[in-house]
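All remarks here apply to the structure that follows.
The values are calculated or read from the model by the stated rules, or taken from the named source; none is laboratory data. Being a predicted model, the structure only gives us computed values, none of them experimental. All Cβ positions, glycine included, derive from the backbone under ideal geometry; neighbour counts span all protein chains shown.
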Amino acid sequence: MLEQIYYDKADEIIASHGAEQASLIPIIQDIQTEYRYLPSELLSYVAEQLGINEAKAYSVATFYENFSFEPKGKYIIKICDGTACHVRKSIPILERLYSELGLSKEKATTEDMMFTLETVSCLGACGLAPVLTVNDKVYPAMTPDAATELIHELRGA
Amino acid sequence: MSYMTINNRKVTFTNEKNVLSIIRKSGIDLPTFCYHSELSTYGACRMCVVEDERGRVFASCSETPRDGMTIYTNTPKLQHHRKMILELLLASHCRDCTTCAKNGVCTLQKLSRQLGVREVRFENNKKQLPLDLTSECIIRDPNKCILCGDCVRTCDEIQGLGILDFAFRGSKMQVTPAFNKDLAETDCVGCGQCRAVCPTGAITLKPNVSDVWKILSDKNTRVVVQIAPAVRVAIGDKFGIKKGENALGRLVAALRRIGFAEVYDTNFGADLTVMEESKEFLERLEADESLPLFTSCCPAWVTFCEKKYPEFRRNISSCRSPQEMFGALIKEEARMNAEKDTRKTMVVSIMPCTAKKAEIKRPEHFTDGEQDVDYVLTTTEITRMIQEAGIDLAQVQPEAMDMPFGIASGAGAIFGVTGGVSEAVLRRLVDSNRAEDLEAISFTGVRGVDSIKEATIQLGDREVKIAVVNGLQSAAEVLDKMKAGEAYYDFVEVMACKRGCIAGGGQPVPIGPRTKKARLDGIYKIDNMAQIKLSNQNPIVTTVYEGILKGKEHKLLHNSTEDVSHV
């Protein structure tokens with residue numbers, strides 16, 4: 001059970017979109033923006049408020065890669081592994097970041113809740129390959145070394 | 001009248017909702033996994049694909065019929081597609097057919113044989129997932145799921161619960177409750193309708209077959225068995241007996257051969273229910289409180305009401321269900337005779353229902369600390385036991401039930417179909433044996449297959465309004481209307497399964513529209529043939545009220561108010 005303040009926030013977000021079934025996705029997007037993840041309790045709560053079955057809401061939330069039931073770090077790093085980035089060596093960058101942050105395919109977020117590392121299929125910036133984003137800020141033409149440096153920078157910040 | 005050409009033969013059609021139903025009407029049994037006429041069209045399995053004269057391939061279930069269409073149902077291209085789909089389904093399926101609970105009634109197995117799939121060229125690289133064994137009623141094995149969505153749509157559209165849905169996407173997709181919760185943690189009511197539509201072994205019954213074999217083999221145990229109304233018209237299904245035929249006599253004989261000590265009729269329990277429920281209804285009418293009275297025979301409905309509409313909890317009749325009344329009676333009799341008969345008495349119910357398995361474990365269904373009914377076997381499980389014992393039901397000479405609880409009225413028999421409980425109660429209230437009166441009751445509107453039926457009957461100077469509901473989605477509709485003050489009823493009968501218990505979650509599958517019709521007709525035929533039509537005219541009912549039940553009616557036949565406060 002979450003604290004009441006979470007539900008109040010959810011109520012506010014629901015009110016801003018209207019309590020209609022069609023508003024499910026924008027509402028849970030806003031909740032995820034607010035908390036950097038989608039607390040499962042709030043998904044159930046929103047479903048109930050909108051008159052949607054919990055299982056249906058879960059179905060929607062798991063369909064989209066973007067929604068996460070796990071709390072995410074302060075910095076969300078998304079490494080593009082689309083075709084263009086992949087052939088321009090995005091995997092070595094990913095591997096460097098895994099070792100730099102002590103993460104793996106199964107463990108996406110650091111213990112200190114500073115970093116979350118994800119791969120995405122294409123960021124639509126193939127001209128800048130290999131590319132990664134940190135909280136939606138784009139870093140073009142990356143290398144493993146540049147990635148290490150970026151982490152140091154962010155840690156210092 | 002329009003026509004289309006199917007495989008070079010002209011076929012006429014009128015208002016069929018899709019091409020598939022016209023093809024099937026024309027005598028071609030096009031295979032499907034995900035199509036059910038009572039559910040929305042999903043179009044996922046692609047088994048019903050057909051080809052038109054331009055070579056376009058489309059799913060016939062999702063195509064609106066057009067005048068002058070030309071289609072082919074069995075071209076080499078289609079054969080190739082269907083076989084490929086099956087091969088791919090089989091590739092990621094756990095193929096332990098010989099030990100699967102669905103062996104012999106599995107649609108995947110049947111179609112693989114029918115369409116001649118002899119080889120699976122692809123490797124199964126699907127991750128094995130754990131089984132969900134937490135429900136008292138059903139077992140979910142996600143590894144056998146083919147994602148047809150039949151259970152998802154049944155639970156949502158028919159039962160209005162939506163416990164199961166798809167989760168994740170692509171190759172990771174699975175059918176699961178929200179957050180992959182165990183069924184026991186959800187609002188699942190155990191109706192088993194998902195199991196009844198599941199084409200594979202992904203959702204099966206929670207079996208008690210070995211438990212019952214065990215008690216049957218114990219010489220110090222007297223195992224008493226009762227048979228629910230809807231079982232007798234379905235038990236013949238797997239023995240080549242005509243659909244809907246009353247095979248009660250054969251079943252009784254088979255049960256004796258299996259080793260049950262005494263074989264009785266739950267219809268008798270239903271007669272007791274009619275007595276008690278009518279009495280309770282009259283009392284509530286007189287006091288004009290706690291109306292409407294909701295029937296309590298259907299455990300899936302009772303659970304549904306408690307979980308989803310707790311504000312109506314007090315409206316549910318305090319009467320135990322027929323199986324529970326009967327169980328309590330047998331156990332009480334055994335307690336009274338404990339000195340004469342030192343054997344332990346255990347009660348087994350044969351039910352069309354999966355939810356009954358959960359009902360017997362509810363705390364209010366214990367009398368003096370003893371469980372009233374020890375095991376519930378569904379029709380499907382008793383079919384298996386009869387087969388295991390090597391008995392061919394079709395060859396057995398019918399036998400009569402044991403006395404005294406083997407006599408039941410026609411009113412008890414019709415408990416197995418929607419409207420039956422209401423009709424039985426009305427017969428008791430009108431209390432007339434005249435053919436015209438019985439016919440008048442049957443024409444009040446309680447009969448029929450509509451989801452929500454309304455009936456009105458004059459009782460003295462009061463006009464009594466009745467609603468008869470089948471399907472929990474429709475029950476929710478009625479309750480919402482009542483809450484909003486848009487509808488008023490004095491008596492509401494709800495059966496969770498469409499058409500009532502004859503299509504219960506534990507009945508032999510498949511349960512298509514024709515099977516349902518045959519079973520429904522079978523039940524009314526039993527009533528038509530019954531010499532006693534009214535529960536209060538059942539002589540054994542009078543005997544037990546003057547005997548075992550005397551002074552204990554409430555203890556044995558009702559749930560006390562404290563019992564219901566636990567919800």
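The figures follow:
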| quantity | calculated |
| --- | --- |
| Residue among B:Gly551, B:Gly506 that is surrounded by fewer than 23 Cβ atoms within 10 Å (Cβ to Cβ) and either closer than 30 Å to B:Glu370 by Cβ or not aromatic (Phe, Trp, Tyr) (or both) | B:Gly551 |
| Region A:118-151, subset of a type outside the set (Val, Ile, Thr) and in contact with an Asp or Glu (Cβ under 9 Å, 6 or more places away or on another chain), residue surrounded by the most Cβ atoms within 10 Å (Cβ to Cβ) | A:Pro130 |
| Residue count for region A:8-60, restricted to those that are charged (D, E, K, R) and in a loop (DSSP other than H, G, I, E, B) | 2 |
| Wholly within region A:71-157, strands (runs of 3 or more DSSP E) carrying at least 1 residues that are under 28 Å from A:Leu38 (Cβ atoms) and free of Cβ contacts under 8 Å to residues at least 12 places away in the same chain | A:137-139 |
| Within region A:16-27, tally of residues that are over 19 Å from the mean Cα position of the chain (by Cα) and surrounded by 11 or more Cβ atoms within 10 Å (Cβ to Cβ) | 7 |
| Residues satisfying the stated conditions in region A:28-62, i.e. under 16 Å from the mean Cα position of the chain (by Cα), more than 12 Å from chain B (Cβ to nearest Cβ) and hydrophobic (A, V, I, L, M, F, W, C) | A:Ile28, A:Ile31 |
| Residue satisfying condition, being closer than 21 Å to B:Leu556 by Cα and assigned to a loop (DSSP other than H, G, I, E, B), within set B:Ala358, B:Ala338, B:Ala334 | B:Ala338 |
| The one condition in (1) in contact with a Phe, Trp or Tyr (Cβ under 8 Å, 6 or more places away or on another chain); (2) surrounded by 14 or more Cβ atoms within 10 Å (Cβ to Cβ) that A:Ser104 fails to fulfil | (2) |
| The listed residue being within 14 Å of chain B (Cβ to nearest Cβ), of a type outside the set (Asp, Glu) and crowded, with 17+ Cβ neighbours inside 10 Å, out of A:Ser68, A:Ser90 | A:Ser68 |
| Qualifying residue in region B:101-121 (condition: surrounded by fewer than 13 Cβ atoms within 10 Å (Cβ to Cβ), on the phi > 0 side of the Ramachandran plot and among the small types (Gly, Ala, Ser)) | yes |
| Which numbered condition B:Ser217 fails, given (1) among the polar types (S, T, N, Q); (2) within 24 Å of the chain's Cα centre (by Cα); (3) not assigned by TED's automatic domain parsing to the domain that holds B:Asn143 | (2) |
| Test: residue in region B:514-524 that is modelled with pLDDT of 90 or more, part of a strand (DSSP E or B) and buried (at least 23 other Cβ atoms within 10 Å of the Cβ) | no |
